[in-house]
Amino acid sequence: ETLANQIAAGEVIERPASVVKELVENAIDAGAHKIDILIEAAGVQSIEVIDDGQGIPTDQLERAFLRHATSKIQTKQDLFQIHSLGFRGEALPSIASVADVFLETAVVDATSGAMIHIKGNKIIEKKGSGARRGTKITVSDLFFNTPARLKYLKSQSTELAKIVDIINRLAFSYPSIAFNLVHNQKQLMQTVGNGNLQQVISAVYGVSVARDMVTIDDHDADFKVQGWISKPELTRSNRSYISLLINGRYVHNFNLAKALIKGYGTRLMVGRFPMAVLKIDLDPRLVDVNVHPQKFEVRISKENKLLALIEKMVAEAFDNVNL
Ligand code: ADP
Ligand code: MG
């Protein structure tokens with residue numbers, strides 16, 4: 001069992017950012033409105049995620065760390081109907097197999113909660129705790145028993161950048177959740193959680209950058225497109241600052257990013273890319289989401305029509321501003 005968990009961990013938990021992603025997605029699945037993410041030493045030392053979600057009932061606490069015990073998938077059909085981010089029941093057991101984990105949790109209106117301490121998948125302690133609603137999970141000593149994986153990690157700044165990227169992406173996708181990201185006691189990002197995407201963009205890129213962005217907002221019969229795009233003087237040397245949201249989910253789609261860049265046209269210097277957030281809403285039946293857990297690739301029906309629409313909207317928006 002421990003070995004199976006470690007093998008799964010090899011697939012799911014590649015680096016500190018993967019732990020952060022799984023824990024924060026669990027908090028989102030639990031209906032949290034506020035999520036604090038406290039990181040020490042780029043996550044190698046510790047990762048703490050505190051949420052105000054529904055909590056885990058005491059009698060299900062151990063079960064949450066059993067592989068697949070929580071899988072929400074019974075049939076292949078279910079794969080297409082999942083609304084939660086997690087569905088494999090693999091993350092907690094995988095994390096607990098390669099780290100030291102404390103989890104403290106209480107459900108709504110409970111008079112007490114519970115805590116469990118697991119290291120390398122061995123339960124070290126389990127006892128009652130306070131009744132603060134929600135879940136606090138602390139993961140430290142990551143990869144303590146898999147030295148090869150620890151060695152494969154990049155520099156702290158690279159690992160931290162990957163964590164920041166994950167949180168930014170989730171903040172864009174969930175503007176109604178208040179995220180607070182702290183590294184070595186220093187606050188890196190905070191959103192208010194009032195549902196306003198523009199405010200999330202300000203929190204991620206800074207108020208002055210966000211205020212100066214060119215906006216687009218239009219729709220046709222199939223697609224509603226909203227966008228925030230930086231002007232030429234605020235471009236970057238790589239395309240990773242282009243964020244795409246399809247029906248509120250963060251995705252990768254090379255063609256959409258390319259359409260935006262085409263619309264930008266010659267205003268963009270060679271080798272430069274805008275910072276941009278593009279939000280596209282459409283009938284879910286027109287989206288084919290690749291269900292691979294670590295990928296965010298999507299295919300869109302009528303894609304060429306959408307690409308043309310984006311290119312035209314961006315070109316017109318920039319024609320109308322003084323650069
Ligand atoms: P999955 O998310 O795929 O179901 P996980 O291993 O990530 O599997 O989590 C196992 C289970 O533990 C979840 O299904 C959920 O019931 C519970 N759980 C994990 N984290 C939280 C949390 N922050 N709040 C409430 N429940 C949680
Ligand atoms: Mg999960």
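Of note:
- For the range 133-144, the set of residues classified as surrounded by 16 or more Cβ atoms within 10 Å (Cβ to Cβ) and either at pLDDT 95 or above or not assigned by TED's automatic domain parsing to the domain that holds LEU38 (or both) consists of GLY134, THR135, LYS136, ILE137, THR138, VAL139, SER140, ASP141, LEU142, PHE143, listed by residue number.
Conditions (1) crowded, with 17+ Cβ neighbours inside 10 Å; (2) acidic (Asp, Glu); (3) in contact (Cβ under 8 Å) with a residue 12 or more places away in the chain, marked per residue:
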{"residue": "SER112", "(1), (2), (3)": "no, no, yes"}
{"residue": "ILE116", "(1), (2), (3)": "yes, no, yes"}
{"residue": "LYS151", "(1), (2), (3)": "no, no, no"}
{"residue": "GLN156", "(1), (2), (3)": "no, no, yes"}
{"residue": "ASN168", "(1), (2), (3)": "yes, no, yes"}
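- The range 22-49: number of residues that are surrounded by fewer than 23 Cβ atoms within 10 Å (Cβ to Cβ) and more than 9 Å from ligand 1 (Cβ to nearest atom): 10
- Filtered residues of the range 70-93 (kept if at pLDDT below 80 and within 12 Å of ligand 2 (Cβ to nearest atom)): THR70, SER71, LYS72, ILE82, SER84, LEU85, GLY86, PHE87, ARG88, GLY89
- Pairs meeting the criteria (first residue in the range 44-62 and more than 13 Å from ASP109 (Cα to Cα) and in contact (Cβ under 8 Å) with a residue 24 or more places away in the chain, second residue assigned to a loop (DSSP other than H, G, I, E, B) and within 14 Å of ligand 2 (Cβ to nearest atom), beta carbons under 8 Å, at least 6 apart or on different chains) are ASP51/ALA30; ASP51/ALA32.
To keep it simple, each residue is scored yes or no on (1) surrounded by fewer than 17 Cβ atoms within 10 Å (Cβ to Cβ); (2) touching a residue at least 40 places away in the same chain (Cβ under 8 Å).
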{"residue": "PRO232", "(1), (2)": "yes, yes"}
{"residue": "ARG249", "(1), (2)": "yes, yes"}
{"residue": "GLY263", "(1), (2)": "no, yes"}
{"residue": "ARG285", "(1), (2)": "yes, no"}
{"residue": "SER301", "(1), (2)": "yes, no"}
{"residue": "LEU307", "(1), (2)": "no, yes"}
{"residue": "MET313", "(1), (2)": "no, yes"}
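- Flag for ALA210 being among the hydrophobic types (A, V, I, L, M, F, W, C), out of contact with any His (no Cβ under 6 Å at 6 or more places or on another chain) and closer than 16 Å to GLY31 by Cα: no
- Single condition GLU159 does not satisfy, out of (1) more than 29 Å from LEU282 (Cα to Cα); (2) touching a Pro at 6+ places or on another chain (Cβ under 6 Å); (3) outside any helix (DSSP H, G or I); (4) not aromatic (Phe, Trp, Tyr): (3)
- Number of positions in the range 18-36 that are under 20 Å from SER140 (Cβ atoms), more than 10 Å from ligand 2 (Cβ to nearest atom) and not in a strand (DSSP E or B): 3
- For the range 179-186, the criterion of being more than 28 Å from ASP29 (Cα to Cα) and free of Cβ contacts under 8 Å to residues at least 40 places away in the same chain is satisfied by no residue at all.
- For ILE124, the criteria (1) over 24 Å from the mean Cα position of the chain (by Cα); (2) in contact (Cβ under 8 Å) with a residue 12 or more places away in the chain; (3) surrounded by fewer than 19 Cβ atoms within 10 Å (Cβ to Cβ) hold in every case but one, which is (2).
- Residues within the range 84-101 that are surrounded by fewer than 21 Cβ atoms within 10 Å (Cβ to Cβ) and within 13 Å of ligand 1 (Cβ to nearest atom), tallied: 6
- Of everything in the range 202-236 that is in contact with a Ser or Thr (Cβ under 6 Å, 6 or more places away or on another chain) and not small (Gly, Ala, Ser), the residue that is farthest from LYS279 (Cα to Cα) is MET213.
The values are calculated or read from the model by the stated rules, or taken from the named source; none is laboratory data. Just so you know, these numbers come straight off a predicted model, no measurement behind them. We place every Cβ from the backbone using ideal geometry, glycine too, and count neighbours over all the protein chains shown.
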